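Colleague: Structure provided below as structure tokens; questions to follow.
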Amino acid sequence: MSHQVPDDGTQLPLMEEFYTIQGEGFNTGKAAYFIRLGGCDVGCHWCDVKESWDAELHPLTHADLIVENASKFPGKAVVVTGGEPLIYNLDYLTAQLQQKGIKTFIETSGAYPLSGSWDWICLSPKKFKAPVPSIGQAAHELKVIVFNKSDFEWAEKHAEMVGPDCKLYLQPEWSKSKEITPLIIDYVMQNPKWEISLQTHKYLNIP
Ligand code: SF4
């Protein structure tokens, strides 16, 4: 049995929602309501939210309820993440959020075509399922997770996909961060179009 997720985006498989601080990338340090949707077929072996992969484990929730919950908090920004949130049509959810004056940020691997209206698009491509080419030009931020040395070359290939104003970040994969962070520091000093992104929420011990 699979979820019958309606195409109109009015109901979405919701894994969790919580108010916290965005820990990584351009919006680091900003208060935001996280909306984590279930479902992902990208299959990163180092994924730290494998519980998100099976959409059927996560209840279909009306987007109006998600918007109502997000509106209760003073930080008027949401981060829609997953899983891979672009599996779903996000037009309805983002329109309702923006109507309430809430800024919409997304974290996506780009493996599916873009839907929704976004104030900030963070494209974090993964080796295991390539991003659709059209998403590169829409991205405000390219965030490449560095797991080993060869990922720098891979990051440069993806930097060619994005527009000239797109911010470029290299972020150490958490379990390898001791080994990888010094390499990223050297790389950014040699290639300053890139910046370092750290998963500061993990250092702060917040979700
Ligand atoms: Fe996990 Fe994200 Fe990779 Fe999906 S795209 S497997 S949720 S890290």
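Colleague: What are the pairs with Cβ atoms under 7 angstrom where one residue, in segment 82-103, is over 20 Å from Cys47 (Cα atoms) and the other, located anywhere, is among the acidic types (Asp, Glu) and in a loop (DSSP other than H, G, I, E, B)? Sequence gap at least six, or different chains.
Modeller: Sorted first by the residue in segment 82-103, then by its partner, the pairs are Asn89/Asp7; Asn89/Asp8; Tyr92/Asp8; Lys103/Asp119.
Colleague: Please enumerate the residues belonging to segment 165-176 that are of a type in the set (S, T, N, Q) and surrounded by fewer than 17 Cβ atoms within 10 Å (Cβ to Cβ).
Modeller: Correct list: Ser175 only.
Colleague: Let me ask you something else. State all residues of segment 63-81 that are surrounded by 14 or more Cβ atoms within 10 Å (Cβ to Cβ) and either in contact (Cβ under 8 Å) with a residue 40 or more places away in the chain or within 16 Å of the ligand (Cβ to nearest atom) (or both); if no residue qualifies, say none.
Modeller: Scanning segment 63-81 gives Ala63, Ile66, Asn69, Ala70, Phe73, Gly75, Ala77, Val78, Val79, Val80, Thr81.
Colleague: Let me ask something else about it. Which of (1) at positive phi; (2) among the small types (Gly, Ala, Ser); (3) more than 10 Å from the ligand (Cβ to nearest atom) does Ala31 not meet, given it meets every other one?
Modeller: (1)
Colleague: Step by step: first the residues of segment 96-113, then only those that are assigned to a helix (DSSP H, G or I) and touching a strand residue (DSSP E or B) at 6+ places or on another chain (Cβ under 9 Å), then the one that is surrounded by the most Cβ atoms within 10 Å (Cβ to Cβ). Which residue is that?
Modeller: Checking each candidate, the answer is Leu97.
Colleague: Going by what's in this entry, would Gly38 be described as crowded, with 23+ Cβ neighbours inside 10 Å, in contact with a Leu (Cβ under 8 Å, 6 or more places away or on another chain) and either β-branched (Val, Ile, Thr) or within 28 Å of Ser177 (Cα to Cα) (or both)?
Modeller: When the stated conditions are applied, Gly38 passes them.
Colleague: When Asn89 is evaluated against the numbered criteria (1) modelled with pLDDT of 95 or more; (2) more than 26 Å from Leu60 (Cβ to Cβ), which criterion, by number, is the only one it fails?
Modeller: Answer for Asn89: the failing condition is (2).
Yes/no per residue for (1) of a type in the set (Gly, Ala, Ser); (2) under 23 Å from Leu198 (Cβ atoms):
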| residue | (1), (2) |
| --- | --- |
| Leu37 | no, no |
| Glu56 | no, no |
| His62 | no, no |
| Leu86 | no, no |
| Leu97 | no, no |
| Thr108 | no, yes |
| Ser134 | yes, no |
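Colleague: Another question, then. Going residue by residue through segment 7-18, is there one that turns out to be more than 16 Å from the ligand (Cβ to nearest atom), under 16 Å from the mean Cα position of the chain (by Cα) and not charged (D, E, K, R)?
Modeller: Checked against the condition, which is being more than 16 Å from the ligand (Cβ to nearest atom), under 16 Å from the mean Cα position of the chain (by Cα) and not charged (D, E, K, R), segment 7-18 yields at least one hit.
Colleague: Let me ask another. Is there a residue being acidic (Asp, Glu), crowded, with 17+ Cβ neighbours inside 10 Å and away from the ligand (no atom under 14 Å from the Cβ) anywhere in segment 153-160?
Modeller: Checked segment 153-160: no residue is acidic (Asp, Glu), crowded, with 17+ Cβ neighbours inside 10 Å and away from the ligand (no atom under 14 Å from the Cβ).
The values are calculated or read from the model by the stated rules, or taken from the named source; none is laboratory data. Only a predicted model underlies this, so the values are computations on that prediction, with no experimental measurement involved. Heads up, the Cβs are rebuilt from the backbone with ideal geometry, glycines too, and the neighbour counts pull from every protein chain shown.
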